[in-house]
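Here the structure is laid out as structure tokens; the discussion comes afterwards.
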Amino acid sequence: LFRQHVLVNEALKSVAISDAGITKQTLYEVERSQFTRSTYDRAMESLHRVNDEIVGLIHKSWGR
């Protein structure tokens, strides 16, 4: 019903994101070495996809 109003990419519910949140930080603020590399990389990849999609929507709305 709301397909055109929902992002295509999804943000993972990740241990890395949850653990960063416990310290009131984002995943962008914590060191990669605090996590298993694959867990951190998967979470960051997910965040990048979502954020890139949002930036694209903003640029589209601005006519760029």
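List of remarks:
- Of all the listed residues (Leu57, Leu7, Leu47, Leu12), the sole one being in a loop (DSSP other than H, G, I, E, B), at pLDDT 90 or above, of a type in the set (A, V, I, L, M, F, W, C) and at negative phi is Leu7.
- The set of residues in segment 24-35 being surrounded by 10 or more Cβ atoms within 10 Å (Cβ to Cβ) and either in contact with a strand residue (DSSP E or B) (Cβ under 8 Å, 6 or more places away or on another chain) or in a loop (DSSP other than H, G, I, E, B) (or both) consists of Gln25, Thr26, Leu27, Val30, Phe35.
- Within segment 7-23, considering residues that are open to solvent by 60 Å² or more (accessible area, probe 1.4 Å) and in contact (Cβ under 8 Å) with a residue 24 or more places away in the chain, the one nearest to the chain's Cα centre (by Cα): Ala11
The values are calculated or read from the model by the stated rules, or taken from the named source; none is laboratory data. None of the values given here were measured: they were computed from a predicted structure. Reconstructed Cβ throughout: ideal geometry from the backbone, glycine too, with neighbour counts over all protein chains shown. Just so you know, the surface numbers come from the protein's heavy atoms only, side chains and all, with ligands and any DNA or RNA stripped out. Shrake-Rupley method; radii C 1.70, N 1.55, O 1.52, S 1.80 Å.
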